[in-house]
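Every read-out reported here was derived from the displayed coordinates using simple, explicitly stated rules and does not represent laboratory data. Since the model is a prediction, treat every value here as computed from it, not as a measurement. Note that each Cβ is placed from the backbone with ideal geometry, even for glycine, and that neighbours are counted across all protein chains shown.
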Amino acid sequence: MDKNQESKHEYIRAFHDNAERRIDFLVRLDNDNHRYEALTLCLCYIDSFSQWLCWPSFESGKNFVDAIVKFGGNQLMGLVHPLQSIRLFEKMKPSWQQISIKIKKVFPGPKNELISKGNFIKKLNTILTTEELNNLKSECWRGTLAAIAYYSLRNPSVHSFGASELSFSGTLYQGKVISGLGFVELQQILKNIHHELRRRSESNNQWFGNDKIVGIGA
């Protein structure tokens, strides 16, 4: 490694050292009775890191969800919440509203059990048309627990005046009620996501694994 590469390596390492300090500082904020502020920053950091991890995709929401599912270290986040899918598709264009109605027939509630994407699609296979099924496969991410974090926590935190933590009293996984989703869970997810970002940066001495992400060598 020549001197330029050594200097770059030190700069990359310093960036990630600083990122770790900022991530750890969120715990201090929370301990000092600033949980809303800690949660907002946590979600913003996840959002930023997700865009780098999922480059060259520019689908902000999908990137947020994909990064959490792939690198967040919480297996529940990639599971589909049927009620989330129903509520979300109800707000979309008429073709999706019809899909929402069909999902509700298969998952009527009131209790909802988290389910893998594969099994979710499988249970709807006979009730959806081929076109509806293909559309659902591409947009299934919108019904995941990670998507709930995006729509119900990240968006209000960025565009409004913050968001409260979520509880899931009517949601089960393997027959048991799942825990809520808030700062504690998301800060750990953030740490795991940053670990992957750092690993990529240091594996080949390029920013986040590819210098083109920050416009170097583009």
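Rounded, prolate or oblate: which fits the stretch 126-173, taking a ≥ b ≥ c as square roots of the Cα gyration tensor eigenvalues, rounded meaning a/c under 1.5, else prolate when a/b beats b/c? Oblate shape, in that a/c is at least 1.5 and b/c is the bigger or equal ratio. Quick check: the distance between the Cα centres of the stretch 143-181 and the stretch 41-74, to the nearest angstrom? If we compute the Cα centre of each part, the gap is 16 Å.
A dipole drawn for the stretch 112-218 from +1 and -1 charges on Cβ atoms has a positive end, and of 173, 207, 153 the residue lying farthest that way is 207.
In terms of its C-alpha gyration tensor, the stretch 109-218 has an oblate overall shape, because the principal axis ratio a/c (a ≥ b ≥ c, square roots of the eigenvalues) is not below 1.5 and a/b does not outweigh b/c.
Extension gain for the segment residue 7 to residue 119, taken as residue separation times 0.36 nm less the Cα-Cα distance, is 35.4 nm to one decimal. Summary of packing: across the peptides 31-41, 143-153, 109-119, the per-residue average of other C-beta atoms within 10 Å ranks them, highest first, as 143-153, 31-41, 109-119. Note on the stretch 83-218: Lys pairs 8 or more places apart or on different chains, Cα atoms under 14 Å apart, count 8. Rounded to the nearest 20, the Cβ-based charge dipole of the stretch 82-143 about its Cα centre (Lys and Arg +1, Asp and Glu -1) stands at 140 debye.
Look at [x] 1.81; [y] 1.03; [z] 1.14: the one that is Cα Rg over 2.2 N^0.38 Å derived from this structure is [z]. Assuming charge only on the beta carbon of Lys and Arg (+1) and of Asp and Glu (-1), the dipole of the stretch 129-218 about its Cα centre is about 240 debye to the nearest 20. With no solvent and one equal point scatterer per Cα, compute the Debye intensity ratio I(q)/I(0) for the stretch 82-143 at 0.25, 0.26, 0.27 Å⁻¹ and report its log10, rounded to two decimals. Scattering profile of the stretch 82-143, log10 relative to I(0): -1.14, -1.25, -1.37.
Mean sequence separation of contacting Cα pairs (under 8 Å, at least six apart), scaled by the length of the chain, corresponds to a relative contact order of 27 percent. Remark: relative contact order (the stretch 82-143) = 42 percent; criterion is Cα-Cα distance under 8 angstrom and separation of 6 or more residues.
In this simple spin-label model, placing a label point 7 Å from the Cα along the Cα-to-Cβ direction at both residue 134 and residue 111 gives a separation of 3.8 nm.
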